[in-house]
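The structure appears below as structure tokens.
The values are calculated or read from the model by the stated rules, or taken from the named source; none is laboratory data. On a predicted model such as this, the values are computed, not experimentally measured, just so you know. Reconstructed Cβ throughout: ideal geometry from the backbone, glycine too, with neighbour counts over all protein chains shown. The accessibility values were calculated without ligands, DNA or RNA, using every heavy atom of the protein model including side chains. Shrake-Rupley method; radii C 1.70, N 1.55, O 1.52, S 1.80 Å.
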Amino acid sequence: METVLISFIGKGRTSGNGSGYIKTKYKFDDKYTSDETAFFGSALFTYLKSKKHNIDKWFIFGTKQSSWSELVSLLDSNQRDKEVDDLYYKVFEEEQKGISDKILNKWQECLNKYIESICLIKVDPMDFKVYANMLLELLPEDEISIIFDMTHAFRYMPVLMAFSLMYVNCFKNFKGIDVYYGALEMGTNDEKPVVKIDFINQLFSLTTSYEIYKNSGYFPSLLKNMGVDDSEETYFKLEMNRSIKREIEDLIKKIEEEELENGEGYIKKAASNLKNEFNKMNKLKYLDERMLERANFFYEKKQYLIAMTLLYEAILVKAERVFEIKRGQNETRNDHNSRVKRVKEEIKYKLNKNLKDTFKNLEYARNSAVHGEEAKCTQNILECKNKFDELFSNSKKVYNSIPEN
């Protein structure tokens, strides 16, 4: 797994005599205190190295007038050569009016001799898209641990970066995001506190897993982020149309226990929504009712093939149950086909012409879609959403028209 540090470097506040930038010491939670620096990123980098964190890549974003020269504080004054000092003064002078790409590239090459991971990225402060584009281009494809320093630059730039990270996470393999802020406006004159915002990482994971659940119905990762483990098998059984009432009751109990122990309001909201869905599911007595419920769920999520298939099977299962067409204990493939044929015959026999025609169209549409076959009689249904919507709605009437005993 690669660790990527992302920092911003701002213009800096000049000291009273106008001869340099305001410097301070930063104090971390574990009592580590940095050397004086005007750039929090250097304090964070040094701190992470002291804790044996290997930084594989360090992206530093700034504008043409950012205080790039402050990066010299990363280097030991006793070890850096004359080239560093000469170039430092050029960078310092040029950044006052706007540093050129040529000088910034030379500065990066010079710093790379001492810190191989460093990458200086000059951006236009009004280019809002650059962060997502650069992250997609520069971040590796392997597992990534992100450390995000949101201290410097114009206030909106770290905000754009945070949202860009949320988007880029869809395409890269993030394994966590640690967020740091060097609070220059807090603390004493001698030391400023470092705020590690762990909650952002938790909220990020919770948001991602809830979006997955909301759009696909997959709940194990959401439950894990709420403190409830071991629900993967239950979800698998649900997808395989197994009877899982007891397992769902156990999950509801675990969610309620977690709420009592760690009942933060933001977690309660997600837990409440999930519990409502679980309770609704467990109130359904029969398999066909659960299949219809999930057909509606996937239809709302625009997953039309899954929705249509579940609705079709729900009609067959309900008809088999209501018309008491028994399954053989040692049923063969031929027996199964014969039983399904009898179910379909009962449906066509018991329903009126409109409902029978609807079921016939649903069956043709389902078979054509699943097998990718051409079927002229269902072409409009499979190629026109309005026609499909009409079929789906009418097919639910077929299900509801099968009389309960």
| Based on what the data block shows, is Glu256 open to solvent by 30 Å² or more (accessible area, probe 1.4 Å) and under 23 Å from Asn215 (Cα atoms)? | no
| Tabulated pairs, region 329-349, first more than 19 Å from Lys318 (Cβ to Cβ), second at pLDDT below 80, C-beta under 7 angstrom, 6+ apart or interchain | Asp335/Gly328
| Is it the case that Asn241 is polar (S, T, N, Q) and modelled with pLDDT of 85 or more? | no
| remark: Counting only residues in region 194-204 that are at pLDDT below 85 and not hydrophobic (A, V, I, L, M, F, W, C), the one least open to solvent (accessible area, probe 1.4 Å) is identified as Asn201
| query | Can you find a residue in region 109-118 that is touching a residue at least 40 places away in the same chain (Cβ under 8 Å), hydrophobic (A, V, I, L, M, F, W, C) and farther than 21 Å from Asp35 by Cβ? | reply | no
| task | Hey, can you tell me all the residues within region 142-156 that are of a type in the set (D, E, K, R) and either open to solvent by 10 Å² or more (accessible area, probe 1.4 Å) or free of Cβ contacts under 8 Å to residues at least 12 places away in the same chain (or both)? | result | Asp142, Glu143, Arg155
| message | On the basis of being open to solvent by less than 50 Å² (accessible area, probe 1.4 Å), of a type outside the set (A, V, I, L, M, F, W, C) and either within 17 Å of Tyr180 (Cα to Cα) or touching a Ser or Thr at 6+ places or on another chain (Cβ under 7 Å) (or both), does Tyr26 make the cut? | response | yes
| Hey, Val317 hits all of (1) in contact (Cβ under 8 Å) with a residue 12 or more places away in the chain; (2) not in a helix (DSSP H, G or I) but one; which does it fall short on? | (2)
| query | If Cys110 passes every condition in (1) more than 20 Å from Ala153 (Cβ to Cβ); (2) open to solvent by 10 Å² or more (accessible area, probe 1.4 Å) but one, which one does it miss? | reply | (2)
| remark: Among residues of region 79-91 being in contact (Cβ under 8 Å) with a residue 24 or more places away in the chain and in a helix (DSSP H, G or I), the residue farthest from Trp68 (Cα to Cα) is Glu83
| request: Just name the residue that is most open to solvent (accessible area, probe 1.4 Å) out of those in region 43-66 that are in a loop (DSSP other than H, G, I, E, B) and over 22 Å from Lys27 (Cα atoms). | output: Lys64
| said: Taking the criterion of being of a type in the set (S, T, N, Q), under 26 Å from Val168 (Cα atoms) and open to solvent by 20 Å² or more (accessible area, probe 1.4 Å), would at least one residue in region 97-104 satisfy it? | reply: no
| query | Does Glu94 satisfy the condition of being under 43 Å from the mean Cα position of the chain (by Cα) and without any contact (Cβ under 8 Å) to a residue 12 or more places away in the chain? | reply | yes
| remark: For region 16-70, the count of residues that are in contact with an Asp or Glu (Cβ under 6 Å, 6 or more places away or on another chain), at pLDDT below 85 and among the aliphatic types (A, V, I, L, M) equals 1
| task | Have a look at Glu289, Glu257 and point out the one that is farther than 30 Å from Glu324 by Cα, more than 23 Å from the chain's Cα centre (by Cα) and of a type in the set (D, E, K, R). | result | Glu257
| query | Among the residues of region 67-85, how many are open to solvent by 70 Å² or more (accessible area, probe 1.4 Å) and in contact with a helix residue (DSSP H, G or I) (Cβ under 8 Å, 6 or more places away or on another chain)? | reply | 1
| For Asn173, are the conditions met, namely being out of contact with any helix residue (DSSP H, G or I) (no Cβ under 7 Å at 6 or more places or on another chain), of a type outside the set (Asp, Glu), surrounded by fewer than 14 Cβ atoms within 10 Å (Cβ to Cβ) and in contact (Cβ under 8 Å) with a residue 24 or more places away in the chain? | yes
